[in-house]
């Protein structure tokens with residue numbers, strides 16, 4: 001049996017893997033761990049790799065929607081025909097409405113890195129600024145909080161840390177390499193602190209688990225800072241030399257005593273103090289926040305507070321602490337200079353967001369529906385949707401469906417006929433991560449890793465890079481897309497680093513560019529206006545945002561949308577992902593579905609007793625936006641007064657679509673982030689499935 005090396009991109013973890021082939025077909029794949037652990041992490045998705053690759057549900061050729069006899073059906077066409085349709089449509093919209101009338105919407109499934117740069121390059125060559133990713137509901141607010149505090153996004157050095165503080169992140173189910181590093185560090189004696197409203201398996205391993213009320217993260221961070229400041233546990237030399245605004249921060253944190261906030265945030269005051277002391281006294285310590293802080297309408301302030309707490313500890317860019325990036329020198333291939341006309345992006349309501357992400361080509365996801373339905377700042381006429389399933393994953397699914405009906409053209413690039421693809425005019429079949437070569441510059445850190453194509457493309461599918469390159473050439477952008485192969489494009493992008501595809505193939509674990517350095521700010525200072533860590537942000541103030549995190553009393557109730565607490569008494573938590581699925585993906589894969597065959601609503605036994613709900617009974621979950629139904633699971637993983645609702649199941653069965661409950665109008669004022677993860681709801685008994 002032949003063995004080949006690559007990295008897996010069935011999720012975002014970039015795990016090094018060995019792929020085993022027989023007669024050119026993928027038979028199995030195995031993770032490789034770089035740490036001396038007794039057993040490598042088991043990944044359900046990787047075990048199901050051959051099922052995913054050879055699924056009979058894969059789209060096998062380009063499909064166009066045709067109407068005949070009053071019916072709409074799909075017709076297989078050639079790639080030449082498909083690219084011709086897209087080219088003619090886009091040129092028509094550009095001529096009649098301007099290039100800004102076309103938007104490219106991309107999801108997580110297309111992997112991070114190069115394909116995104118190619119999509120941005122195409123849209124900038126076309127003349128449109130409207131390239132929308134999932135960043136505004138995934139990591140952008142956190143990235144911005146890091147940037148406006150330290151000048152860059154940090155990454156935590158778990159392996160060398162003595163105290164690991166994990167906030168709203170479940171590496172046990174979502175990031176195998178990180179979870180293995182946590183286990184390794186704990187074996188070396190590291191302390192583990194976890195903030196999570198759910199008692200996850202990771203939380204069960206923690207020395208301290210803070211079961212916070214969802215949406216109160218910033219208040220908890222301010223309270224931990226209060227203890228650190230009052231007990232003088234901060235790194236005074238670091239604070240004096242390398243930070244700006246400490247005295248103002250001290251005054252701001254004074255009102256967030258553990259005694260004042262404990263009841264509000266559902267965390268015992270002594271637990272807050274203990275977490276603060278362990279984190280501040282243990283050196284080195286690292287703190288990482290995850291996707292659990294995203295998808296809240298106060299995400300920017302919450303994450304700013306967590307970022308300031310991290311800086312207060314003095315562990316920035318120290319081994320075992322929170323590392324500043326060492327960027328790899330590369331060519332920027334996004335062609336932002338091609339946007340000759342100063343066309344305002346559709347996310348015009350979020351100017352600081354737009355300014356920060358101008359080079360990334362990422363704008364607020366919630367702006368897509370606004371531009372289509374409200375025609376502000378101008379109407380969108382066409383969407384190209386790449387590896388995204390917004391019918392299921394966007395807040396207020398009903399509103400997005402309404403928006404899709406108004407569009408004149410929709411093209412979808414995906415592996416499967418998703419609920420979103422079903423609404424398209426044209427569907428283009430993509431390849432899996434095993435069928436394509438692409439560059440993986442890890443989002444916030446060295447090294448450079450190559451994703452190697454290990455098997456041939458399935459049927460008549462194409463990898464993302466080829467779809468974009470060939471569409472660019474069809475549109476007349478031969479100068480912008482001169483490459484015949486993806487290897488040529490990668491070598492072009494990496495040329496400033498001196499790295500080539502050939503070198504990366506000789507080093508499948510990746511190449512670290514340069515020598516790993518710590519405390520780089522001592523020579524380079526921080527990449528902020530002051531050259532220091534900015535507790536107080538003048539940039540925020542100039543753009544009309546609070547320069548220090550502020551949290552009004554019981555702000556979390558307002559941010560949960562619902563004022564009628566008597567009618568909607570439960571705090572709903574969504575977004576949790578088991579290892580076998582990623583967002584709305586893979587519920588069509590038999591072995592993965594067998595591991596989790598149906599969704600549940602986790603209800604605390606005390607609440608279930610009050611409502612006379614039994615384990616396994618069907619319940620309705622209601623908000624003013626809609627109602628869905630699932631089976632109840634009685635469990636103490638949730639706090640009394642809250643429920644956890646399985647998410648991503650709308651692709652499997654529309655009756656389970658949690659985003660029929662969520663609203664998209666109350667948003668984070670800085671990023672436009674919607675509150676998909678946290679809202680108030682009611683739970684009612686049902687006699688049977690509706």
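The values are calculated or read from the model by the stated rules, or taken from the named source; none is laboratory data. This structure is a prediction, so every number in the text was calculated from the model and none was measured. Here the Cβ positions follow ideal geometry from the backbone for every residue, glycine too, while neighbour counts run over all protein chains shown.
Where strands (runs of 3 or more DSSP E) sit wholly within the range 400-505, those with at least 1 residues that are crowded, with 21+ Cβ neighbours inside 10 Å and modelled with pLDDT of 95 or more occupy 409-414, 426-429. When the criteria are applied in full, residue 570 meets the requirement of being in contact with a strand residue (DSSP E or B) (Cβ under 6 Å, 6 or more places away or on another chain) and touching a residue at least 40 places away in the same chain (Cβ under 8 Å). From the list 405, 344, the lone residue that is without any contact (Cβ under 8 Å) to a residue 40 or more places away in the chain and either within 23 Å of the chain's Cα centre (by Cα) or farther than 24 Å from residue 589 by Cα (or both) is 405.
The residues of the range 232-255 that are in contact (Cβ under 8 Å) with a residue 40 or more places away in the chain and closer than 20 Å to residue 304 by Cβ, listed by number, are 234, 235, 238, 239, 242, 243, 244, 245, 246, 248, 249, 252. Within the range 184-217, the residues that satisfy the criterion of being more than 23 Å from residue 636 (Cβ to Cβ) and crowded, with 21+ Cβ neighbours inside 10 Å are 185, 190. Taken over the range 309-341, the criterion of being in a helix (DSSP H, G or I) and not assigned by TED's automatic domain parsing to the domain that holds residue 166 is satisfied by 336, 337, 338.
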